[in-house]
Structures are given as C-alpha cells and as structure tokens.
Amino acid sequence: MSDTQTRAVPHSLGCTCGTRGATLSADGAWLTPRQVFAASRHIVETIRAAAAKATITVHRLRGQVSVLEGSGGNVAVLVAPDGKLLVDAGIGVSQPMMAEALATLGDAPIRQLINTHWHFDHSDGNAWVNAAGASILAHENTRTRLSSAQHVEDWHTDFPAPPAGALPSDVFTTERSVDFGGTAIALKYYGPAHTDGDISATFGEADILHTGDTFWNGIYPFIDYSTGGSIDGSIRAVEENLAMTRDSTIIIPGHGPIGNRAQLADYRDMLVAIRENVATLKRQGRSLDDIVAAKPTAAFDAKWGQFVIDPIFFTELVHEGV
C-alpha cells in the first residue's frame with residue numbers, strides 16, 4: 001500500500017483547530033490525501049465554524065496601518081480621518097468579532113475594501129463589509145470568479161456565487177493607484193500565481209506590502225490549480241514581492257505571522273528547491289507515489305510542514321505543476 005494512500009491530510013486552510021481525519025471511506029476503500037483533505041472535514045463548514053468562534057487579534061503596524069488576524073486570511077486596515085480601508089474581508093461569520101476589533105481602531109466607517117483574490121477565506125466577508133458602506137475593488141479575474149460558482153478540485157469543494165453586493169463594483173487589469181484619505185495604495189496584478197486573480201497592495205509611505213496568498217509565512221502554501229494557480233506562477237510572484245521590498249519593509253502574508261524580506265526570501269528558496277526536487281524525480285519517470293516516498297520536501301518539513309498543507313499534500317501540489 002502506497003504512502004499516499006495511508007496518510008491523512010489536515011482539515012482546514014483557515015485555522016489550526018482541526019484534527020486529522022480517517023483514511024477509510026464509508027465503503028472501506030482507502031482515500032487519497034486529497035480525498036481525506038476534503039471529505040473528512042467538510043472544509044468550508046469546518047473553517048466557518050472555527051471563524052464563528054475565533055478571537056480577532058489586532059496588530060498595529062505603522063502609518064495608520066494595522067492587521068486583523070483570526071478570520072481566514074490576514075486583513076489589513078488603513079485608518080483615515082473619514083473612513084477605513086480594508087485589504088481582504090475574512091470570513092462572513094466573523095462579522096461581530098471583526099466589527100469589535102475594527103472599533104478599537106476608531107469609529108470611522110469602512111469606506112473601501114480591496115480583495116487580493118477570490119478565495120472565500122479572503123472574500124466571504126464582502127457582503128457585510130459592502131452593507132456597511134464599503135465599495136469593493138479587485139482584479140477583473142477575481143470578479144469573474146466571484147460572479148459564478150467555482151469548483152476547487154484539490155478541496156473537492158464547490159463554492160456558489162455570492163450575493164450581488166459581495167461582488168467587486170470596480171476592477172482593474174494590471175495596476176491601480178488608490179488615494180485613500182491622503183494615503184496612496186499601489187495595487188499590482190501578479191499574473192496567475194496562487195489563483196489567476198492575485199494582486200499585491202503596497203502602502204508606500206508606511207513601507208508595508210500585503211501579498212495576499214502569494215506568501216504564506218512559515219507554512220507550506222495551497223496552490224489553486226482549478227482557478228489558474230501554479231507552482232511556477234507562485235515562484236514568479238514571490239520574485240516580484242522581493243523586487244518590491246527592502247529590508248525595512250513590513251510584509252503582510254496571506255497566512256502566517258507578519259513577516260520581513262528575509263523570511264520572504266526563505267519562502268522563495270523553499271519553493272524553488274522543492275520544485276526542482278519534484279521535477280527531477282518526475283523527469284526520471286517516477287510515479288507520484290514514488291516521488292512522495294522519496295520525500296522531496298524533507299529538508300524543509302520541520303519549519304514549513306507543521307500547518308495545514310502537510311508535506312505529502314504539498315508534494316502533490318508541486319507535482320501537479322511540473
């Protein structure tokens with residue numbers, strides 16, 4: 001029996017609260033890691049249930065920029081005299097805790113929301129943020145994804161289209177500059193990376209970069225091939241992030257703690273090395289089971305393999321794109 005048939009995969013991309021599921025289906029058949037990753041956890045329901053109880057932690061950075069952590073992806077908040085701008089919206093069921101955390105940053109209303117990409121742990125809160133008075137801006141591909149039902153094969157999960165108020169009302173193609181209360185935010189499209197709609201948001205004066213899910217600090221990332229992502233695109237995006245930053249830059253990852261350029265470079269080096277390891281084995285004609293058994297991620301697992309995407313599943317994701 002192969003290693004890929006006996007290991008289970010952790011249950012959530014949005015929290016660390018779950019346990020590993022069983023490796024047998026109801027009829028006694030062995031499940032692959034991807035099937036376990038989806039079937040044993042009911043991934044969306046599990047993440048939403050955790051988000052409904054999660055504490056939202058506020059990290060104040062600089063230049064009136066803060067980060068809210070605890071509802072899906074990291075949410076950046078810029079506070080101006082007459083309003084707040086959010087980068088990503090977290091998960092909708094976190095609304096009461098998100099509103100409470102936002103109130104600690106002042107009573108100015110939410111005026112603007114920017115989505116870094118379409119995934120629900122970053123955009124599920126769009127509806128309530130829009131209802132609170134915010135307009136929504138994103139890349140055109142993000143609006144396209146949110147405008148219709150999406151299927152994520154590696155989660156075995158279907159996502160219905162959200163209500164009309166959750167859709168971005170304004171989109172761009174390559175770059176956009178936003179002036180919010182006298183603060184400039186530069187938005188840039190990466191090209192297909194984690195998905196086909198990923199953008200960065202740079203708060204230039206404060207020297208802060210929000211990377212969305214093109215950077216997972218200290219953990220293996222998920223790559224969504226179903227909606228345009230790839231390992232090669234993910235590596236290109238990290239190179240762009242490195243080119244946009246300097247040692248003083250505060251880097252907000254999609255997931256994981258607030259980071260810096262050295263950590264971003266470590267992330268790039270990890271992706272490049274594992275991609276080459278997997279590609280070399282694949283060129284030798286090895287099967288996926290043989291590649292997993294060779295442990296091409298072994299040198300990085302102690303640091304990067306302790307969250308939701310475990311070494312086996314990340315090996316599969318890389319294998320899919322080389």
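Taken together, the values in this text are just the output of simple stated rules run on the coordinates, not laboratory data. Computed from a predicted structure; not experimentally measured. In this analysis, Cβ positions are derived from the backbone assuming ideal geometry, glycine residues included, and neighbour counts consider all displayed protein chains.
So what is Rg over Rh here for the range 82-157, counting just Cα atoms and using Kirkwood for Rh? Result for the range 82-157 is an Rg/Rh of 1.01.
The three principal axes of the Cα atoms in the chain give end-to-end lengths of 62, 42, 31 Å, sorted in falling order. Selection among Asn217, Gly125, Thr183 by position relative to the dipole of the range 80-227 gives Thr183 as farthest towards the positive end (Cβ unit charges, Cα centre).
Determine, for Trp155, Trp118, the number of other Cβ atoms within 10 Å of each Cβ, and report the residues in order from fewest to most.
Details: Trp155 18, Trp118 27.
Ascending Cβ contact count within 10 Å gives the list Trp155, Trp118.
Look at the alpha carbon pairs under 8 Å that are at least 6 residues apart: their mean separation over the length of the range 77-211 gives a relative contact order of 21 percent. Normalising the average separation of contacting C-alpha pairs (under 8 angstrom, six or more residues apart) by the number of residues puts the relative contact order of the range 129-180 at 44 percent.
The relative contact order of the chain, computed from alpha carbon pairs under 8 Å that lie at least 6 residues apart in sequence, is 14 percent.
Which of the peptides 254-266, 128-140 is most tightly packed, and how do the rest follow, going by the mean number of other Cβ atoms within 10 Å of each residue?
128-140, 254-266
Based only on Cα atoms, what Rg/Rh ratio does the range 89-212 have, Rh being taken as Kirkwood's radius?
Working: Rg = 14.4 Å, Rh = 15.1 Å.
Ratio of gyration radius to Kirkwood radius for the range 89-212: 0.96.
Of all beta bridges that DSSP places with both ends in the chain, some 70 percent have antiparallel geometry. Estimated purely from DSSP H runs of n ≥ 4, each contributing -39500 (n - 2.57), the mean residue ellipticity at 222 nm for the chain is -9000 deg cm²/dmol once divided by its residues.
Only Lys, Arg, Asp and Glu carry charge here, each on its Cβ (+1 for the first two, -1 for the last two); on that basis the chain has a dipole of about 320 debye about its Cα centre. Do you know the Lys pair count in the chain for C-alpha distances under 26 Å, with sequence separation 8 or more or different chains? Total qualifying Lys-Lys pairs in the chain comes to 5.
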